[in-house]
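Below is one structure; the comments refer to it alone.
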Amino acid sequence: MSGDDAYLLARARALRVVPVPDEAYVLQRLGRAAEAVERRLVALAAGDGAAGFLVAWGQDVELAGTCQERGDTHREASPSVLLMLGACLRACWTDVEQVPYPGTAVAEEDVLAAVVPPDAVTVRAGIAHFAPTAPYRKALRVLRACGYLAADAGDGMVRLGPVVAAWPERDVDELRRGYPVLPHIGEG
């Protein structure tokens, strides 16, 4: 892999989603660079019609086995992060016959309502109002930073991120089967 190809790959990983390049050879070089390090390019179509690519792990790379050998490289997600991912997936993925990404945008407060019991919110003004939702708001930040959710656009909406587009079909099928038990709005 040349230095230029390594730069293309590093740039793509840093940006998470790269737009379709104007020159076809740039995309070919990026694809070869990704393959050289057991990665692959996943084509994305955003809800706004924009197209791009995500650098994801190769289909045959077993991440769980790799992480178990070296405990210092693997960090388990907290229960609040897992619960929030489930709630976001259920809220944004409205048609399970389709692939989850890009899904639909949902108000952040609606997703929070799916994981925080209604009686947990106190009537006092100030910080006490946000205390029950604090771990879940932190979970939203973690999920956005990891690419499971799109970056915060400042509009109070939650959108599925590009990492969801890279999920293998076998995992999406498993999520379809478990969809009814994911946390949803109106459930505490």
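What the table shows:
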{"read-out": "Sequence-distant residues sharing a close amide H with residue 158 (under 5 Å, placed H)", "value": "106, 107, 108"}
{"read-out": "Solvent exposure, largest accessible area first (probe 1.4 Å, DNA, RNA and ligands not counted), of 5, 152, 95", "value": "152, 95, 5"}
{"read-out": "Karplus-derived HN-Hα couplings along region 21-27 (A = 6.51, B = -1.76, C = 1.60, θ = phi - 60°), whole Hz, x at Gly and Pro", "value": "x, 5, 9, 5, 5, 5, 5"}
{"read-out": "3J(HN,Hα) from dihedral phi, region 91-99, Karplus parametrisation 6.51/-1.76/1.60, rounded to Hz, x for glycine, proline", "value": "6, 8, 9, 8, 10, 6, 6, 9, 6"}
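The values are calculated or read from the model by the stated rules, or taken from the named source; none is laboratory data. This structure is a prediction, so every number in the text was calculated from the model and none was measured. All accessible areas refer to the heavy atoms of the entire protein, side chains included, with ligands and DNA or RNA removed. Shrake-Rupley method; radii C 1.70, N 1.55, O 1.52, S 1.80 Å.
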